[in-house]
Ligand code: NAP
């Protein structure tokens, strides 16, 4: 271990999938001084926060795993949330990452003093670091809808990512606002338990059907005895996902997208018997424009006698329920706001002050951006995993974080070798990347006429607009000319 390597101190913010990964990889690379600050009392990020009934990952379990830690024990093709949380716990323990995590410490402020980062915590303590890695997630800050009277509701009301398990579902009249992946999983899971389910749909969704069979014991035994089988399975699933989703959505004219639309269309036609209900559920935009929903039970659930699809707009929330613009009051005991997340937050509400007093909040005033989604000019040695405008979509964010981590480790080698002490993206390189990405986004399916969290408030896609294959290529090796090394 070089003296420099030992002397570089890393602070990672967030102990979710990406934070655990970064800590583990830094230690593996021989960086000994690594600390992870986690605001909650346990790790797991999105899988800790989202505990709603029906939560599962719609990326196949054998793909939604770290490449270096295959899991032969997945119970189903698509794993339920608690199992995924246990997997991250297990990996963190196995690789000694849990010892590096300081829980109950929220990073409130970061300030660069010209040579290092000063870190202020919610506990009143301070720390410092040469390098800060923000692994703070994308779908993290709940978005509460701006609906009149929301606080007048007399029953139980919570966001899908803040599920209140103390409220009994049996016998309840439940309203769910939203038709995104969260609302669909919730509706599929609770409709046969509750007295009435009212799904408030502002926009219908394209739904891809999926089976979720249990992984039988014989297969698990095979995976246990020969991990190479799992590695091959992961690689195969990855190829399939990249071809069918990731590379398709960035080319609005692609055949793969047309195929997805056909499958989703056939699913609607074949699964929904009542023509009037079918029309209410039929989207008028292209499949893939919003994130595709993957569900094997939503159409079944919404056709149950106790389920009501409400398509009239919401006028206001009242003490007894939701009043729609047609004057009807939908009486409810419980209201679930499955209304998504504020995807433009990233490190915020943390206050981040870079070189020369530059404030991240101001730099990101128009929209969050980062060179290749990892670095912002004037914020030396501050790097992001799953930061702004990275690849998002119906595939594994673990693969994104792994590629980014491997890329960053190459930059960290420059610090370890003593070649420089501070690294940040150059302004010109960042401006060029921003302009190129906004131009490329014009060809994606996300701009073909729908509202979604893939678009910012000016209608510009917030995601990597090129193929996933290109992302991997770019992440192989940093172009050092695009960085300012001091
Ligand atoms: P979302 O996709 O952003 O959906 C939010 C829903 O709330 C939309 O249907 C939206 O309607 C509706 N909505 C928002 N404000 C409203 C208002 N004022 N009145 C009526 N309806 C309103 O959020 P999400 O379902 O939580 O999913 C977010 C993302 O999390 C997903 O796209 C996915 O990336 C991830 N996720 C993944 C999984 C998984 O299995 N991997 C599961 C859950 C979530 P409009 O469509 O009309 O805007």
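The values are calculated or read from the model by the stated rules, or taken from the named source; none is laboratory data. Because the structure is a prediction, the values reported are computed rather than measured. Glycine also receives a Cβ, built like all others from the backbone with ideal geometry; neighbour counts cover every protein chain displayed.
Side notes on the structure shown:
- Hits in region 310-369 (condition: touching a residue at least 24 places away in the same chain (Cβ under 8 Å), outside any loop (DSSP other than H, G, I, E, B) and more than 26 Å from residue 179 (Cβ to Cβ)): 351, 352, 353, 355
- Taking helices (runs of 4 or more DSSP H) as the structural unit, those lying wholly within region 161-249 and holding at least 1 residues that are within 16 Å of the ligand (Cβ to nearest atom) correspond to 181-190, 227-241.
- Meets criteria (on the phi > 0 side of the Ramachandran plot and either within 16 Å of the ligand (Cβ to nearest atom) or outside the structural domain of residue 184 (by TED's automatic domain parsing) (or both)) for residue 372: yes
- Scanning region 432-445 finds one or more residues that are surrounded by 23 or more Cβ atoms within 10 Å (Cβ to Cβ), under 30 Å from residue 204 (Cβ atoms) and touching a helix residue (DSSP H, G or I) at 6+ places or on another chain (Cβ under 8 Å).
- Residue 412 being in a loop (DSSP other than H, G, I, E, B) and assigned by TED's automatic domain parsing to the domain that holds residue 355: no
- For the residues 79, 86, 32, 40, the requirement of being more than 24 Å from residue 383 (Cα to Cα), touching a residue at least 12 places away in the same chain (Cβ under 8 Å) and either away from the ligand (no atom under 16 Å from the Cβ) or in contact with a helix residue (DSSP H, G or I) (Cβ under 8 Å, 6 or more places away or on another chain) (or both) singles out 79.
- Pairs where the first residue, in region 136-151, is on the phi > 0 side of the Ramachandran plot and the second is more than 9 Å from the ligand (Cβ to nearest atom) and in a loop (DSSP other than H, G, I, E, B), C-beta under 8 Å, 6+ apart: 137/14; 137/16; 137/45; 137/386
- Qualifying residue in region 309-318 (condition: away from the ligand (no atom under 12 Å from the Cβ) and either under 31 Å from the mean Cα position of the chain (by Cα) or closer than 21 Å to residue 142 by Cα (or both)): yes
- Count of region 336-355 residues which are surrounded by 15 or more Cβ atoms within 10 Å (Cβ to Cβ) and more than 12 Å from the ligand (Cβ to nearest atom): 11
- Screening residue 263 against (1) surrounded by fewer than 19 Cβ atoms within 10 Å (Cβ to Cβ); (2) under 20 Å from residue 446 (Cβ atoms); (3) in contact (Cβ under 8 Å) with a residue 60 or more places away in the chain; (4) in contact with a strand residue (DSSP E or B) (Cβ under 7 Å, 6 or more places away or on another chain) leaves a single unmet condition, (3).
- Meets criteria (surrounded by 14 or more Cβ atoms within 10 Å (Cβ to Cβ), in contact (Cβ under 8 Å) with a residue 24 or more places away in the chain and within 15 Å of residue 384 (Cβ to Cβ)) for residue 404: yes
- Options 15, 61, 69: the member that is assigned by TED's automatic domain parsing to the domain that holds residue 380, more than 14 Å from the ligand (Cβ to nearest atom) and farther than 30 Å from residue 123 by Cα: 69
- Residue 395 modelled with pLDDT under 95 and either part of a loop (DSSP other than H, G, I, E, B) or within 16 Å of the ligand (Cβ to nearest atom) (or both): yes
- Condition check for residue 304: part of a loop (DSSP other than H, G, I, E, B), touching a residue at least 60 places away in the same chain (Cβ under 8 Å) and outside the structural domain of residue 456 (by TED's automatic domain parsing): yes
- Among residues of region 288-308 being within 14 Å of the ligand (Cβ to nearest atom) and more than 19 Å from residue 53 (Cα to Cα), the one that is surrounded by the fewest Cβ atoms within 10 Å (Cβ to Cβ) is 291.
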